[in-house]
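The values are calculated or read from the model by the stated rules, or taken from the named source; none is laboratory data. Treat the numbers as computed from the prediction; the structure is a model and nothing was measured. Cβ sites come from the backbone with ideal geometry, for glycine too, and all protein chains shown count toward neighbours. Heavy atoms of the whole protein, side chains included, go into the accessibility calculation; ligands, DNA and RNA do not. Shrake-Rupley method; radii C 1.70, N 1.55, O 1.52, S 1.80 Å.
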Amino acid sequence: MLRRNQISLKNSVKVAFYSTSKHAAAGANKNNGNSVANTSHDVSVKQKIFITDPISPGSVFFLPNGAKIFNKLVQFMKLQQEHKFGFKEVITPIIYRKSLWEQSGHWENYKEDMFKVEGQDISKEEYGLKPMNCPGHCMIFKKFDRSYHELPLRLSDFSPLHRNEASGALSGLTRVRKFHQDDGHIFCTKEQVEEEIIKCLKMVDLCYSRVFNFNKSKNNDSSSYIIKLSTRPDKYIGDLEIWNHAEDTLKSILEKSGKKWDINEGDGAFYGPKIDILVKDHNNKTHQVATIQLDFQLPERFNLRYKDKDNSYKRPIMIHRAAFGSLERFIAMLIDSNEGKWPFWLNPRQAMIIPVNTKIKSHVSESKQLASKLRGESADLDDLTPVPFNSFHFNVDVDLRSEPVGYRIKDAIMKNYSYLIIIGDEEVETGRYAIRTSEDRRLQHLTEDEIFDKFMKLEKNYK
């Protein structure tokens with residue numbers, strides 16, 4: 001017999017849902033008609049980005065358009081992490097034995113926010129779905145003999161995570177039970193801590209000041225994000241002296257950075273203080289996105305060590321960091337910021353091709369041919385040449401409905417296509433296609449190669 005609030009997973013595990021009342025208050029504003037959750041829902045309905053369903057509370061079904069946005073963000077971050085900031089991607093398990101969570105301190109301090117999993121073997125061994133990646137990354141570090149030559153060792157991970165948010169707190173993309181992070185952990189010496197955290201802050205700047213700017217302030221506030229230093233909570237692990245040292249280290253780095261920041265008393269992780277990055281929504285309400293956490297505790301608990309240049313063994317220091325934070329919440333904040341008007345490189349609807357007269361074969365065939373070129377399609381299944389790596393494939397549709405051309409143009413604009421390409425007799429004859437943006441009626445006449453180059457430059461420059 002299943003206990004109350006327990007779900008059986010056939011032939012594998014049982015997942016127990018615990019209530020987490022401390023999060024319940026977070027759902028108090030859930031029904032605000034002008035909230036981020038409602039904005040993202042409204043845009044999603046129009047653009048078919050995601051759905052949710054009671055069959056899987058707190059989990060998101062990303063539809064094809066949403067998957068395109070999600071994958072573009074992940075692709076962007078993987079490129080920055082590996083080729084600019086020196087991270088190495090790993091893929092780690094989703095489920096671990098209870099003993100790992102006991103060793104890390106999560107079972108004692110975070111158990112109510114985790115999903116318990118019970119095995120079906122004779123011992124009925126208890127497991128936990130991972131709410132974060134740090135213990136798994138500690139296991140990777142510990143598995144090999146490490147030298148100071150390898151430090152700093154930077155690991156990144158995009159595995160899905162599960163946290164048992166209270167059902168009353170669940171809200172669209174902003175408060176979920178299953179989510180993804182651009183998670184990363186840096187194992188370094190104490191001499192490397194400052195430089196590594198400065199690099200993390202530069203990654204935050206790259207994201208929130210250069211590529212994604214959420215600042216819509218009308219009060220001359222030029223900052224694109226807010227920095228909070230979150231200090232020791234009431235429930236923590238480790239020695240007070242080590243905590244004080246960790247907090248002083250982060251304060252010193254923030255003071256040297258010249259950035260404006262504030263203290264957020266008692267909101268640190270149970271294993272260490274953290275720098276939290278917040279952005280404002282259209283209601284001027286703040287939401288945490290990125291985080292940088294300094295941790296002396298987990299390396300101690302997992303007995304992590306490296307051989308230093310004097311041949312003695314020393315304990316590394318661990319930095320937890322995420323630039324997007326939750327991908328789901330980040331997408332919600334993007335939607336709130338742009339109201340569904342995506343930059344070209346992120347837009348799941350990059351261009352709509354509109355043949356002037358769908359009854360004229362040349363208009364239709366030319367439209368289909370251009371769409372195939374821009375999509376980078378290889379539709380000939382008799383040709384088994386694979387689609388090459390590092391090729392461009394744009395999100396292009398063709399409107400073949402027998403509606404007036406003006407109606408179809410207006411409809412594409414309403415659906416927030418970045419570009420409209422109109423093909424009539426002149427375009428078929430000259431091979432130069434009329435192209436305009438959704439926001440500007442002025443037409444250019446470009447060849448298919450010129451359009452492809454134009455789109456390629458927009459993607460390369462994250463425009």
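Pairs needed: first member in the range 201-222, within 15 Å of Asn338 (Cα to Cα); second member anywhere, modelled with pLDDT of 95 or more and among the aromatic types (Phe, Trp, Tyr); C-beta distance under 6 Å; at least 6 residues apart or different chains.
Qualifying pairs under 6 Å: Val211/Tyr462.
Filter the range 163-191 down to the residues that are within 22 Å of Met318 (Cα to Cα) and touching a residue at least 60 places away in the same chain (Cβ under 8 Å) and list them by number.
Residues satisfying the conditions are His180, Gln181, Asp182, Asp183, Gly184, His185, Ile186, Phe187, Cys188, Thr189, Lys190.
Which ranges mark the helices (runs of 4 or more DSSP H) fully within the range 400-463 that have 1 or more residues being more than 20 Å from Lys368 (Cβ to Cβ)?
Result: 405-414, 448-460.
Go through the range 276-305 and count every residue that is open to solvent by 40 Å² or more (accessible area, probe 1.4 Å) and of a type in the set (Asp, Glu). If you could, list the steps in order and put the result at the bottom.
Our first condition is that a residue be open to solvent by 40 Å² or more (accessible area, probe 1.4 Å); within the range 276-305, this holds for 280, 282-286, 288, 296, 300-301, 303, 305.
Next, only the ones that are of a type in the set (Asp, Glu) stay: 300.
Of the residues in that region, 1 qualify.
From the set of residues in the range 370-399 that are acidic (Asp, Glu) and assigned to a loop (DSSP other than H, G, I, E, B), which is farthest from Pro343 (Cα to Cα)? Even if it seems obvious, please write down each step before you answer.
Of all residues in the range 370-399, those acidic (Asp, Glu) come to 377, 380, 382-383, 397, 399.
Keeping just the survivors that are assigned to a loop (DSSP other than H, G, I, E, B) gives 377, 380, 382-383, 399.
Numbers: Glu377: 23, Asp380: 32, Asp382: 36, Asp383: 35, Asp399: 21 Å.
The residue in question is Asp382.
Can you tell me which residues in the range 408-433 are farther than 21 Å from Ser365 by Cα and open to solvent by 80 Å² or more (accessible area, probe 1.4 Å)?
Those that are farther than 21 Å from Ser365 by Cα and open to solvent by 80 Å² or more (accessible area, probe 1.4 Å): Lys410, Met414.
Is it the case that the range 130-140 has a residue that's touching a residue at least 60 places away in the same chain (Cβ under 8 Å), out of contact with any Lys or Arg (no Cβ under 7 Å at 6 or more places or on another chain) and β-branched (Val, Ile, Thr)?
Among the residues of the range 130-140, not one is touching a residue at least 60 places away in the same chain (Cβ under 8 Å), out of contact with any Lys or Arg (no Cβ under 7 Å at 6 or more places or on another chain) and β-branched (Val, Ile, Thr), which makes the answer no.
Answer with yes or no whether Phe455 is open to solvent by 90 Å² or more (accessible area, probe 1.4 Å) and among the aromatic types (Phe, Trp, Tyr).
Numbers: open to solvent by 90 Å² or more (accessible area, probe 1.4 Å): no; among the aromatic types (Phe, Trp, Tyr): yes.
Taking the combined requirement at face value, the residue does not satisfy it.
Read through the list (1) touching a strand residue (DSSP E or B) at 6+ places or on another chain (Cβ under 9 Å); (2) modelled with pLDDT under 90; (3) buried (at least 16 other Cβ atoms within 10 Å of the Cβ), then give the number of the only condition that Phe62 fails.
Unmet condition: (2).
Going by the structure shown, is Tyr208 buried (at least 20 other Cβ atoms within 10 Å of the Cβ) and over 30 Å from Val117 (Cα atoms)?
yes
When the residues of the range 344-368 are filtered to those that are assigned to a helix (DSSP H, G or I) and free of Cβ contacts under 8 Å to residues at least 60 places away in the same chain, which remaining residue is surrounded by the fewest Cβ atoms within 10 Å (Cβ to Cβ)?
That would be Lys361.
Of all the helices (runs of 4 or more DSSP H) wholly in the range 87-201, which have at least 2 residues that are surrounded by 22 or more Cβ atoms within 10 Å (Cβ to Cβ)? Walk me through it before giving the result.
Values: elements: 98-104, 106-109, 134-142.
The helices (runs of 4 or more DSSP H) meeting that bar are 98-104, 134-142.
Name the residues in the range 306-340 that are assigned to a loop (DSSP other than H, G, I, E, B), within 24 Å of Lys274 (Cβ to Cβ) and open to solvent by 20 Å² or more (accessible area, probe 1.4 Å), would you?
Result: Arg315, single match.
Name the pairs: first residue in the range 293-315 and of a type in the set (S, T, N, Q), second residue surrounded by fewer than 16 Cβ atoms within 10 Å (Cβ to Cβ), Cβ to Cβ under 8 Å, at least 6 apart or on different chains?
Short answer, once both residue conditions are applied: Gln297/Ile242; Asn303/Lys142.
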